[in-house]
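Notes follow the structure.
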């Protein structure tokens, strides 16, 4: 999603156009960015929000499924960032906002490769922050807890189910579904993005929602076994890990 950092002066919002974009295709990304530049003249803001959830145990997930997850959730963001950076470097300004996840702060059982893409986005965004700051370009990560969206409708399930994982997998996926249903409103994430857009000096990380705030803090100070047992019970409702 592209945008400008300044609101129009007129009372009515300026019209906008939705451009086709497939983050898995370098050709599609390049065409979209070129078209956006031809229409707007410059790019002030990039929000990377494309992604889907892949569920299932790590052993149940094929290499092809894992690669597809990374191709969208991680390399999709990399492609779009690479496409917009020449224009932002030329302008000496711009804001890149990557939508991360609680799953990039603490791994979620039975979402191993979704978690891995979000952990990868954390490291990638932090590195970008160092590299682009001297060029006048800011990089921010929005790290929401569970958000009440229809992400489940677009989720994929690992194709090879193994009986040994059936019980904890079913309990965990049921818990995840409940957490999404009871999650924070998408408007809270949008408000955070707007805060970054309007900030003169945005931070690297913005955590949205209670779980995204306290779980990483607890992980940093609690003994690993105690923290891991709590995560397992939260998702799989068993007292051992």
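The numbers here are math on the coordinates, done by the rules we state, and not lab data. The structure displayed is predicted, hence computed values, not measured ones.
Full extension from residue 64 to residue 34: what is 0.36 nm times the residue separation minus their Cα-Cα distance, to one decimal in nm? Show your work: numbers first, answer last.
Details: separation 30, 0.36 × 30 = 10.80 nm, distance 3.08 nm.
Value of the extension gain: 7.7 nm.
Pick from 72, 127, 106: which is most flexible by mean-square fluctuation in a GNM of the chain where alpha carbon atoms under 10 Å apart are linked?
Checking each option, the largest mean-square fluctuation is seen for 127.
Would you indicate which of (1) 39, 23, 14; (2) 25, 20, 18; (3) 34, 20, 16 is the value of semi-axes √(5λ) of the Cα gyration tensor in Å derived from the coordinates of this structure?
Computed from the coordinates, semi-axes √(5λ) of the Cα gyration tensor in Å corresponds to (3).
Taking a ≥ b ≥ c as the square roots of the Cα gyration tensor eigenvalues, with a/c under 1.5 meaning rounded and otherwise prolate when a/b beats b/c, else oblate, which class fits the range 138-229? Show your work: numbers first, answer last.
Values: a/c = 2.53, a/b = 1.54, b/c = 1.64.
Note, shape of the range 138-229 comes out oblate.
Comparing 16, 75, 146, which has the greatest mean-square fluctuation in the GNM of the chain with Cα pairs linked when under 10 Å apart?
16
Using only Cα atoms, find the angle between the long axis of helix 112-132 and the longest principal axis of the chain, and express it within 0 to 90 degrees, rounded to the nearest 10.
30 degrees
What's the angle, to the nearest 10 degrees (0 to 90), between helix 224-236's Cα axis and the longest principal axis of the chain?
Helix 224-236 and the main axis of the chain meet at about 90 degrees.
Most fluctuating residue of 159, 101, 138 in a GNM of the chain with Cα springs under 10 Å: which is it?
Highest fluctuation among the options: 159.
Taking only Cα atoms, what is the 0 to 90° angle, nearest 10, from helix 75-91's long axis to the longest principal axis of the chain?
Approximately 20 degrees, to the nearest ten.
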